[in-house]
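Asks: I have a structure here, written as structure tokens, and I will follow up with some questions on it.
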Amino acid sequence: YRFKHALLQDAAYASLLRSTRQQVHKQVARLLETHFPDIVETQPELVAHHYTEASLPALAVDYWQRAGQQAVQHSANAEAVAHFTQGVELLAMLPETSERTQHELTLHLALGVALAATKGFGDLEVEHAYGRAQALCQQAGDTPQLLTALFGLWRYYNTRAELQTARTLAEQALSLAQDQHDTALLLVAHWMLGQTLFWLGEMSLTRAHLEESTTLYDARQQHTLAVRYGTDPGVTCRAYAATTLWLLGYPEQARRRGHEAVALAQELSHPFSLGLALLHLAWIYQYRREWQSAQEWAEALIALATEHGFPLWLAEGTMVRGWALAMQGQGAEGIAQMRQGEAAFQATGGRVSLTYNLAQRLEAHRQVGQTEAGRAVLTDVLGLVDQSGERLWEAELYRLQGELHLARTTEHPIEAETSFQQALDIARRQQAKALELRAAVSLTRLWHQQGKHAAARQVLGDVYRWFTEGFDTVDLREAKALLEELKG
């Protein structure tokens, strides 16, 4: 039928008896299935719509699920959320059976992935979807799906910086995977535990778990895992391994691994995974104090996030770009962007990495001479460290605290020295050689000014001699120049 106006079509449709409408919708759905398989394949939501309007929920649910899965594969996550939600709502109309339980479980797991992409890992709707999936797994006795539900809940708590809860879930998942002797489940469980340990600042354990996960990964056999878990495990583990390697004192290996993560994500054509890889590569250049490169990768992340509607990656990219601008002399604009990114990040439910991002704003305030604003940020961020247990950047926070003490007064450097020593102790405990070097440089400068040349040479020389690569980076160049000055 053709109508001159949509209102005429609506009026004609409304004039049909409900039973007649339902019968016509059923006939259309059957006709599509019988004679138009291409349309069914490419537009399953069309068949789903007709079966829904025909009041045949059992048939409609399958097509809503297929439509949602197809949308996820094309990164049309907002559409996927709508399709999966329709399926869940229709299932409530069906009698309670084991088949319905399994179907609802599948839909909630898929819905969790789509919601995470559109709203962020820490959104309450994500927690609800995976929480319901966990209950259904226990009801159905479905162990493989239970790990997927645990993963979704773990990522929710990890993102919200409830790190001890996240660690417990990750350890539970690893135990479950080991019992099952399943390679794919072990891969995911090591990924989970490695990522949480990263934020807790346990660098050596982080590296071990991430390397184990990477060893188990095979892109050809496990290319569907990105759809199930939201990000590809091979990309994710490489990205986190890159940032871990920098902290452990391997800046060149870190850079190479970061670029490997981006290349793999591009090869897989999975935009959300690419966003994560771009963020970690931008962080690598931020760590290396290479402002222009950090800005370029942050802008690539912002462009990707804008194109695909990823609010989490947009917020993260905005914070890194703001830092880069501030460090290159655009203080007011840069700090404004960092604040904007922080607000957008927290709107997604994000909390993990907030201490790191606030520390970067603290550095930006120092760069433009806003020491009081820097001190206010420091008070906030140290409180967050104690609250969440996110200790990844704790050593650097105490080093920056010492620098702020020196900016306030040079007559009483005791507080600064105490802060630098705290930073040094924390970095050594975490085996974070990169942060140990920074703390040693700050302490050495202070002792050099006080005439403690022998102690200064020893504390900096010991950590500098440990390094085997990255001698062209800003931190190592500064350390070398200071050691040369101490010799003179």
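Asks: Within the stretch 319-339, work out how many residues are within 14 Å of Leu358 (Cβ to Cβ) and open to solvent by 60 Å² or more (accessible area, probe 1.4 Å).
Replies: 1
Asks: From the list Leu397, Leu384, which residue is open to solvent by less than 40 Å² (accessible area, probe 1.4 Å), farther than 26 Å from Leu486 by Cβ, within 25 Å of the chain's Cα centre (by Cα) and in contact (Cβ under 8 Å) with a residue 12 or more places away in the chain?
Replies: That would be Leu397, the only listed residue that is open to solvent by less than 40 Å² (accessible area, probe 1.4 Å), farther than 26 Å from Leu486 by Cβ, within 25 Å of the chain's Cα centre (by Cα) and in contact (Cβ under 8 Å) with a residue 12 or more places away in the chain.
Asks: Anything in the stretch 425-436 that is of a type in the set (A, V, I, L, M) and surrounded by fewer than 24 Cβ atoms within 10 Å (Cβ to Cβ)? List them, or say none.
Replies: Answer for the stretch 425-436, where residues must be of a type in the set (A, V, I, L, M) and surrounded by fewer than 24 Cβ atoms within 10 Å (Cβ to Cβ): just Ile426.
Asks: Any idea which of (1) of a type in the set (A, V, I, L, M, F, W, C); (2) open to solvent by less than 50 Å² (accessible area, probe 1.4 Å); (3) within 15 Å of Gly249 (Cβ to Cβ) is the one Trp466 doesn't satisfy?
Replies: The single condition Trp466 does not satisfy is (2).
Asks: Another question, then. Looking for something more than 30 Å from Glu436 (Cβ to Cβ), surrounded by fewer than 21 Cβ atoms within 10 Å (Cβ to Cβ), modelled with pLDDT of 95 or more and not acidic (Asp, Glu) - is there at least one such residue anywhere in the stretch 141-164?
Replies: no
Asks: Among the residues of the stretch 204-221, count how many are part of a helix (DSSP H, G or I) and either among the charged types (D, E, K, R) or within 18 Å of the chain's Cα centre (by Cα) (or both).
Replies: Result for the stretch 204-221: 8.
Asks: Which one of the conditions (1) open to solvent by less than 50 Å² (accessible area, probe 1.4 Å); (2) part of a helix (DSSP H, G or I); (3) modelled with pLDDT under 95; (4) in contact with a Pro (Cβ under 9 Å, 6 or more places away or on another chain) does Asp62 fail to meet, given that it meets all the rest?
Replies: Among (1) open to solvent by less than 50 Å² (accessible area, probe 1.4 Å); (2) part of a helix (DSSP H, G or I); (3) modelled with pLDDT under 95; (4) in contact with a Pro (Cβ under 9 Å, 6 or more places away or on another chain), the lone unmet condition for Asp62 is (1).
Asks: Would you confirm whether any residue within the stretch 93-100 is assigned to a helix (DSSP H, G or I) and buried (at least 24 other Cβ atoms within 10 Å of the Cβ)?
Replies: Looking for residues that are assigned to a helix (DSSP H, G or I) and buried (at least 24 other Cβ atoms within 10 Å of the Cβ), one finds none in the stretch 93-100, hence no.
Asks: I need the full set of residues from the stretch 350-372 which are outside any helix (DSSP H, G or I) and open to solvent by 40 Å² or more (accessible area, probe 1.4 Å), in order please.
Replies: Of everything in the stretch 350-372, those that are outside any helix (DSSP H, G or I) and open to solvent by 40 Å² or more (accessible area, probe 1.4 Å) turn out to be Arg351, Val368, Gly369, Gln370.
Asks: I've got another one for you. Would you check if there is a residue in the stretch 234-255 being modelled with pLDDT under 95 and touching a helix residue (DSSP H, G or I) at 6+ places or on another chain (Cβ under 9 Å)?
Replies: No, there is no match, as no residue in the stretch 234-255 is modelled with pLDDT under 95 and touching a helix residue (DSSP H, G or I) at 6+ places or on another chain (Cβ under 9 Å).
Asks: Could you identify the single residue in Thr118, Thr101 that is in contact (Cβ under 8 Å) with a residue 60 or more places away in the chain and not acidic (Asp, Glu)?
Replies: Residue meeting the stated conditions: Thr118.
Asks: Let me ask you something else. So is Ala133 in a helix (DSSP H, G or I) and touching a His at 6+ places or on another chain (Cβ under 6 Å) or not?
Replies: Taking the combined requirement at face value, the residue satisfies it.
Asks: Can you list residue pairs whose Cβ atoms sit under 9 Å apart, with the first residue in the stretch 249-270 being open to solvent by 70 Å² or more (accessible area, probe 1.4 Å) and the second being in a helix (DSSP H, G or I) and not aliphatic (A, V, I, L, M)? Count only pairs 6 or more apart in sequence or on different chains.
Replies: From the stretch 249-270, the pairs are Glu260/Arg238.
Asks: I need the full set of residues from the stretch 76-89 which are open to solvent by 20 Å² or more (accessible area, probe 1.4 Å), more than 18 Å from Arg132 (Cα to Cα) and either in contact (Cβ under 8 Å) with a residue 24 or more places away in the chain or part of a helix (DSSP H, G or I) (or both), in order please.
Replies: Ala78, Glu79 - these are the residues of the stretch 76-89 that are open to solvent by 20 Å² or more (accessible area, probe 1.4 Å), more than 18 Å from Arg132 (Cα to Cα) and either in contact (Cβ under 8 Å) with a residue 24 or more places away in the chain or part of a helix (DSSP H, G or I) (or both).
Asks: Same structure, new question: For the subset of the stretch 469-488 comprising residues that are modelled with pLDDT of 95 or more and small (Gly, Ala, Ser), which member is surrounded by the fewest Cβ atoms within 10 Å (Cβ to Cβ)?
Replies: Step by step, filter the stretch 469-488, then rank; the result is Ala481.
Asks: Of all residues in the stretch 66-103, count the ones that are within 30 Å of the chain's Cα centre (by Cα) and within 26 Å of Thr42 (Cβ to Cβ).
Replies: The qualifying residues number 25.
Asks: Another question, then. Hey, can you tell me all the residues within the stretch 117-135 that are open to solvent by 20 Å² or more (accessible area, probe 1.4 Å) and among the β-branched types (Val, Ile, Thr)?
Replies: Matches in the stretch 117-135: Thr118 only.
Asks: Being part of a helix (DSSP H, G or I), of a type in the set (A, V, I, L, M), open to solvent by 30 Å² or more (accessible area, probe 1.4 Å) and at pLDDT below 90 narrows it down to one of Val72, Val28, so name that one.
Replies: Just one listed residue meets the conditions, Val28.
The values are calculated or read from the model by the stated rules, or taken from the named source; none is laboratory data. These numbers come from a predicted model, not from an experiment. Counting neighbours? That spans all protein chains shown, and the Cβs are built from the backbone with ideal geometry, glycine included. Ligands, DNA and RNA are stripped out before the accessible areas are found, and what is left, the full protein with its side chains, is counted by its heavy atoms. Shrake-Rupley method; radii C 1.70, N 1.55, O 1.52, S 1.80 Å.
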